[in-house]
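First the structure, in the form of structure tokens, and then the observations on it.
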Amino acid sequence: MTTPPVYAERRARLAAQLGAGGVAIIPTAPARIRNRDSDYLYRHDSYFFYLTGFTEPNAWLVITAEGRCTLLCQPKDLEREIWDGIRLGPEAAPQALGVDEAHSVDELDRLMPGWLENRQRLWYPFATHSGLETQVERWLGSVRAKVRQGVACPTELMDACGPLDEMRLIKDALELDTMRRACDISAAAHIRAMQTSARRLRAGRDLREFHLDAELLHGFREAGSQYPAYGSIVAGGANACVLHYRADVAPIRDGDLVLIDAGCELDGYASDITRTFPANGRFTGPQRTLYDIVLAAQAAAVDATRVDARFVDPHNAAVAVLAQGMLDVGLLDRNTAGTVDDVIEHRRYTPFYMHRTGHWLGMDVHDCGAYTELNASGERVSRTLKAGMVLTIEPGIYVRPAENVPEAFWNIGIRIEDDAVVTPQGCELISRGVPVDTDAIEALMRD
């Protein structure tokens, strides 16, 4: 095991931001008990992995402003490795991970106070690890106890998430390559679920949400991804109007629309794709009408996603199309809702579209990074998009039964979501391995 040099480059970039006398402590995630002696499937901390490429639990990284990097990890233990798997160990870590030195994590409390002595600033991720603040206070207490011996204690506590969030917001070539591959895997899994849906219904077989969820999981793992990036949403019929619905036992019937929001995680990076399709492979008239509005809204948002645009611009572009569409088909009554401008100004579209049109995507499905920034006048405004940022574009329409809403649209929930890389030329949709056009979806499901 030898990690690519990009991890050392990231550590050097962070070190350069710590300031004179600065030191940063970055822990990975702990293993977590599911019930009794069974653990949840382990997943590393994203910040830690971003700087090390190391996926074992119970590890810490210490970086100084001078650029020295120290890893603490689990020691070699032949008995535990029989049960839990091979450990890298401190002796092999420097060469494998490119750090300057490594120690057993069992030495953490003994070594850490010494590393904090005579340091001015201590950086660590705020509000991300339960109990970390208590550990830091204990280590600082040990340092402060030596002040009469001439030892100085850090006087500034800084949030390491700040510089790391900014670094992670712009993806490098390695990250973008991984995310493209994750999207390819997820797109193929979506296709697998769509075709299974039509095939089972044509054969007269029972079809339930968990059947399609199983196809997604099979597609993810068969192609080599480690696990889903989040709990997959597989919602048939009226369930698609529940934004965070989870795949359950509900039947999917001939004539239903199915909304699937699912993506795999590959080598630490998430994909996030939503497709809405007719369970039997054929859109009804009302379904197609609303679907085409959402697709047009997404196209407008894609056109608005470019360098120097604001993060909010794709959302505003999508809302303008959705608002016009809602008026055109009668979801909103012109006599009471007014013009498109009235609908937008007073947010009268929110009964049918209540979420934002996107979010950052990266190591976490809702990735880190600020959505606002200060302009030249000191006002907080929507973030400027830059090349290398990755975001989702996901407009939708969700129609629950209600008075004054055309019954033909009741219980239709539609969302179309793609993953977009901001490029100097505009944006690149890296998740279009699964179609979005209604005719292309129907052709896919016929096959």
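The values are calculated or read from the model by the stated rules, or taken from the named source; none is laboratory data. The structure displayed is predicted, hence computed values, not measured ones. So basically every Cβ, Gly included, is an ideal-geometry build from the backbone, and we count neighbours across all protein chains shown.
State all residues of segment 426-447 that are modelled with pLDDT of 95 or more and either more than 31 Å from the chain's Cα centre (by Cα) or part of a loop (DSSP other than H, G, I, E, B) (or both); if no residue qualifies, say none. Selection gives Ile430, Ser431, Arg432, Gly433, Val434, Pro435, Val436, Asp437.
Scanning segment 390-404 for residues that are among the charged types (D, E, K, R), out of contact with any strand residue (DSSP E or B) (no Cβ under 7 Å at 6 or more places or on another chain), assigned to a loop (DSSP other than H, G, I, E, B) and at pLDDT 95 or above turns up at least one hit.
Just a yes or no: is a residue in segment 403-412 in the same structural domain as Arg282 (by TED's automatic domain parsing), crowded, with 17+ Cβ neighbours inside 10 Å, under 24 Å from the mean Cα position of the chain (by Cα) and among the hydrophobic types (A, V, I, L, M, F, W, C)? Explain how you work it out, then say what you get.
In the first step, residues of segment 403-412 are kept if they are in the same structural domain as Arg282 (by TED's automatic domain parsing); the result is 403-412.
From what's left, crowded, with 17+ Cβ neighbours inside 10 Å: 405, 409, 412.
Remaining after also requiring under 24 Å from the mean Cα position of the chain (by Cα): none.
No, segment 403-412 contains no residue that is in the same structural domain as Arg282 (by TED's automatic domain parsing), crowded, with 17+ Cβ neighbours inside 10 Å, under 24 Å from the mean Cα position of the chain (by Cα) and among the hydrophobic types (A, V, I, L, M, F, W, C).
Where residues in segment 19-68 are of a type in the set (A, V, I, L, M, F, W, C), crowded, with 16+ Cβ neighbours inside 10 Å and part of a loop (DSSP other than H, G, I, E, B), which of them is farthest from the chain's Cα centre (by Cα)? Within segment 19-68, the match that is farthest from the chain's Cα centre (by Cα) is Ala65. Of all residues in segment 69-92, those satisfying the criterion of being out of contact with any helix residue (DSSP H, G or I) (no Cβ under 7 Å at 6 or more places or on another chain) and either in a loop (DSSP other than H, G, I, E, B) or touching a residue at least 24 places away in the same chain (Cβ under 8 Å) (or both) are Thr70, Lys76, Asp77, Gly85, Ile86, Gly89, Pro90, Glu91, Ala92. Whenever a residue of segment 135-164 is without any contact (Cβ under 8 Å) to a residue 40 or more places away in the chain, its partners that are polar (S, T, N, Q), lying with C-beta atoms within less than 6 angstrom and at least six residues away or across chains, give the pairs Ala152/Asn118.
Note on segment 256-267: residues that are in contact with a Lys or Arg (Cβ under 9 Å, 6 or more places away or on another chain) and in a loop (DSSP other than H, G, I, E, B) total 1.
Taking segment 123-166 as the range and being more than 21 Å from Cys368 (Cα to Cα), of a type in the set (A, V, I, L, M) and not in a helix (DSSP H, G or I) as the test, the residues that pass are Ala145, Val151, Ala152. List every residue pair whose Cβ atoms lie under 7 Å apart, where the two residues are 6 or more positions apart in sequence or sit on different chains, the first residue falls within segment 57-68 and is assigned by TED's automatic domain parsing to the domain that holds Arg80 and touching a residue at least 24 places away in the same chain (Cβ under 8 Å), and the second residue, located anywhere, is outside any loop (DSSP other than H, G, I, E, B) and among the charged types (D, E, K, R). Qualifying pairs under 7 Å: Ile63/Arg11. Within the set Thr196, Thr178, the sole residue that is under 25 Å from Val307 (Cβ atoms), polar (S, T, N, Q) and modelled with pLDDT of 95 or more turns out to be Thr178.
So for segment 323-345 (the condition being assigned to a helix (DSSP H, G or I), aliphatic (A, V, I, L, M) and surrounded by 24 or more Cβ atoms within 10 Å (Cβ to Cβ)), does at least one residue qualify?
yes
Inspect all residues belonging to segment 286-302 and state whether any of them is at positive phi and either more than 22 Å from the chain's Cα centre (by Cα) or outside the structural domain of Phe210 (by TED's automatic domain parsing) (or both). No: segment 286-302 contains no residue that is at positive phi and either more than 22 Å from the chain's Cα centre (by Cα) or outside the structural domain of Phe210 (by TED's automatic domain parsing) (or both). Please give the number of the condition Asp206 fails out of (1) closer than 30 Å to Val436 by Cα; (2) within 29 Å of the chain's Cα centre (by Cα); (3) surrounded by fewer than 18 Cβ atoms within 10 Å (Cβ to Cβ); (4) in contact (Cβ under 8 Å) with a residue 12 or more places away in the chain. Condition (2) is where Asp206 drops out.
In the set (1) without any contact (Cβ under 8 Å) to a residue 24 or more places away in the chain; (2) in a loop (DSSP other than H, G, I, E, B), His355 fails one condition alone, (1). Inspect segment 210-222 for any residue being assigned by TED's automatic domain parsing to the domain that holds Pro406, in contact with a Cys (Cβ under 6 Å, 6 or more places away or on another chain) and assigned to a loop (DSSP other than H, G, I, E, B) and give the result as yes or no. No, segment 210-222 contains no residue that is assigned by TED's automatic domain parsing to the domain that holds Pro406, in contact with a Cys (Cβ under 6 Å, 6 or more places away or on another chain) and assigned to a loop (DSSP other than H, G, I, E, B).
Within segment 358-369, the presence of a residue that is of a type outside the set (Val, Ile, Thr), over 22 Å from Asp272 (Cα atoms), in contact (Cβ under 8 Å) with a residue 40 or more places away in the chain and not in a helix (DSSP H, G or I) is excluded.
Scanning segment 367-393 for residues that are surrounded by 13 or more Cβ atoms within 10 Å (Cβ to Cβ) and either within 13 Å of the chain's Cα centre (by Cα) or aliphatic (A, V, I, L, M) (or both) yields a count of 12. Under the condition of being part of a helix (DSSP H, G or I) and charged (D, E, K, R), the residues counted in segment 268-302 number 2.
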